[in-house]
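In what follows, a single structure is set out as structure tokens and then discussed.
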Amino acid sequence: MASTIPDPHPGTGAARQEAPPPPPSDRAGRVEAHGIDHIPDHERHGRPRQLFSVWAAANVNYLSLVTGGALILMGLTLWQALAVIVAGNLFWLLTGLLSTSGPAAGAPSEVITRAMYGVRGNRVNNAIVGWLISVCYFALNLAAAATAAFALVEMAGITANTGVKVVVVMVIAALTLAIGVYGHAMIMRLYLPITLALTAAFAVVAVGVFRHTDFSYVPAEPLTGTGLLTVLVAGVTLIASAPLSYTTSADFSRYLPRTTPARAVVGWTFLGGFLPGVAVCSIGALAATVVDMTDPQAGLRQLLPDWFGPVLLLALVLGTIAINALTAYSAGLALQAVGIRIRRSLSVLADGTVAVALTLYGLLVSDFLDTVSNVLQLTVVLLGPALAVYATDIALRRNRYDGPALMDETPGSRFWYTAGVNPAGALALAGGVTVAALCVNTLYTGPIAHALGGVDLALPAGLVTASLLYAALTRGGALRAPAP
């Protein structure tokens, strides 16, 4: 299908030129100056292969171990669990597709989605999909890292009382937010060594787990029929929730030169998420064949040398810091995109403050984080359709985005649409979310899931519905935004 907007950058098919050296505005030792504003061509730099370490560092983490082990606890055989892990991680292809819009527009995802929802509609989108869900994930990941750090403190002979727990949470949050505040260049500089360190640590874990794995593991009562199908679909959704949560992947590719090949951006992003995602989730599943992975830290320590216990805990904390720094960075951009006039560095700190408060409340006062964790199982209902609309828009426009025009938030903007809202994007998202909600079977059972015997088709139903609706609505001219 031909693009429905003019190509804002003629000559993108020209031979790729050597990228200039990183400008002063994007150096690891300086706080990033850019927020959601457009990155001009003369400030673009880097190579797409750098995206591999960004996503790899974020996926060698504690939660991947937990989700891998959970598949066995759900009643799958080992080989069924491994197949589910591969299938769920294939969704990193969509994360890679979304990343291609970053170099094309020179803008973060939080701004590019104005093309889908309109200036005002996108503020609502960012408030929920971009900010609220990100802060909740930040709190959950921070709680996971804190739990590992509490065990490390106990190993050092210090009682993890309330005061110590507060200090531990604050220290982990401070390290995480420091990366987010310094921003893009710091992430690019740190994540390669973090990836190497985590890979070395988890290689030791893998060796210890492989030595004890029961490769013929089958649960006492194997699942069959509808029960097996229900768990298989639920497992794929659980694993896919990781790549689906990164609807903001263009945030980390927007500094790449506009002429960067899209296939390279997709490829390196996909490999960076898929390979460690499959590896670490598989370690969790393999370990669950011989130890109780309801407490992954205690379970894994049974399979590893005693001296490696502290190293494992440090690796779990480091991996969580890596994933949370990306979350904090994107949440800060989302807060700006909502319309709050605040510097990006301060918006990151504001998001971190809210997440720390939620974490401390959940760890020290109530079971709040358990509640949030259950609610986040429903985020696929929203994130699946949101990702589908974004991916479909990229396909329809052939990834041609006018970055400077996306910065215009006035009623005369090309992306103002109708009263600031693009009906096509809003209706497609609403339709996809509605269908997904009817198919879900987590905290509640939707009528379609009930009719199917509990099979949860929220992920594929939401994705397909939102994509088809958006494509159908835009064929009538919704992508032909009125000229300023």
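The values are calculated or read from the model by the stated rules, or taken from the named source; none is laboratory data. Just so it is clear, the structure is predicted and the values come from calculations on it, not from any experiment. Note: ideal-geometry Cβ built from the backbone for every residue, glycine included; neighbour counts use all protein chains shown. These area figures cover heavy atoms from the full protein model, side chains too; ligands, DNA and RNA do not enter into them. Shrake-Rupley method; radii C 1.70, N 1.55, O 1.52, S 1.80 Å.
3J(HN,Hα) couplings calculated from phi for the stretch 192-199 with the Karplus curve 6.51 cos²θ - 1.76 cosθ + 1.60 (θ = phi - 60°) are, in sequence order, 5, x, 5, 4, 5, 5, 5, 4 Hz; Gly and Pro show x.
Computed 3J(HN,Hα) for the stretch 441-452, one whole-Hz value per residue from the Karplus formula 6.51 cos²θ - 1.76 cosθ + 1.60 where θ = phi - 60°, is 8, 10, 6, 9, 10, x, x, 5, 4, 4, 5, 8, glycine and proline marked x.
From the mean inverse distance of alpha carbon pairs (Kirkwood) and the Cα radius of gyration, derive Rg over Rh for the stretch 404-474.
1.19
Solvent-accessible area of the chain (1.4 angstrom probe, protein heavy atoms only): carbon and sulfur portion equals 66 percent. Computed with every protein chain present, the accessible area of F91 is close to 40 Å² [probe 1.4 Å].
Using a probe of 1.4 Å, the accessible surface attributed to H42 totals some 130 Å² when neighbouring protein chains are kept in position.
In this calculation the C-beta distance from L378 to V124 is compared with R0 = 22 Å, giving a FRET efficiency of 0.75.
Once both labels are positioned 7 Å from their Cα atoms along Cα-to-Cβ, the gap between V164 and A33 label points is 4.6 nm.
Sequence-ordered 3J(HN,Hα) estimates for the stretch 388-394 from the Karplus curve with 6.51, -1.76 and 1.60 and θ = phi - 60° stand at 5, 4, 4, 5, 5, 4, 4 Hz, glycine and proline given as x. Surface exposure of the chain, expressed per residue as accessible area with a 1.4 Å probe, stands at 39 Å².
Rounded to whole Å, the principal axis extents of the Cα atoms in the stretch 49-118 read 45, 28, 17, largest first.
Loop only by DSSP, 12 or fewer other Cβ within 10 Å of the Cβ. Give me the trypsin sites (Lys or Arg not before Pro) in the stretch 276-344 that pass, ordered by residue number.
Working: sites: R301, R341, R343, R344; in loops: R341, R343.
Answer by residue number: R341.
Spacing of the modelled spin labels on D295 and T199, each 7 Å from Cα toward Cβ, amounts to 3.4 nm. Secondary-structure-derived ellipticity at 222 nm for the chain, considering helices only, amounts to -20500 deg cm²/dmol, per-run term -39500 (n - 2.57) for DSSP H runs with n ≥ 4. When C136, C281 are compared by accessible surface with a 1.4 Å probe, the order from highest to lowest is C136, C281. Rg then Dmax, both in Å and based on the Cα atoms of the chain: 22.1, 68. Ordering W79, W55 by accessible surface, largest first, gives W79, W55; the 1.4 Å probe counts only protein heavy atoms, with every chain in place.
With r defined as the distance between the Cβ atoms of V218 and A451 and R0 fixed at 22 Å, what FRET efficiency is calculated, to the nearest 0.05?
On the way: r = 30 Å, r/R0 = 1.38.
For V218 and A451, the calculated efficiency is 0.15.
Counted residue by residue at 0.36 nm each, then reduced by the alpha carbon distance between them, the extension gain from R263 to L443 reaches 61.0 nm. Maximal additional length on extending the W79-L192 stretch stands at 37.5 nm, based on 0.36 nm per residue less the C-alpha distance.
Cβ-Cβ distance of D41 and T410, R₀ of 30 Å, FRET efficiency by 1/(1 + (r/R0)^6): the value works out to about 0.80.
Which order, highest average first, do 378-390, 405-417, 287-299, 119-131 follow once you tally other Cβ atoms within 10 Å for each residue and take the mean per peptide?
Working: 378-390: 25.4, 405-417: 17.5, 287-299: 19.1, 119-131: 22.8.
Sorting 378-390, 405-417, 287-299, 119-131 by mean packing, highest first, produces 378-390, 119-131, 287-299, 405-417.
The separation of the stretch 251-279 from the stretch 379-446, counted between C-alpha centres, amounts to 22 Å. Taking the chain as the reference, fit the longest principal axis to its C-alpha atoms, fit the long axis of helix 50-59 to the helix C-alpha atoms, and give the angle between the two in degrees, 0 to 90, nearest 10. For 50-59 against the chain, the angle is about 40 degrees.
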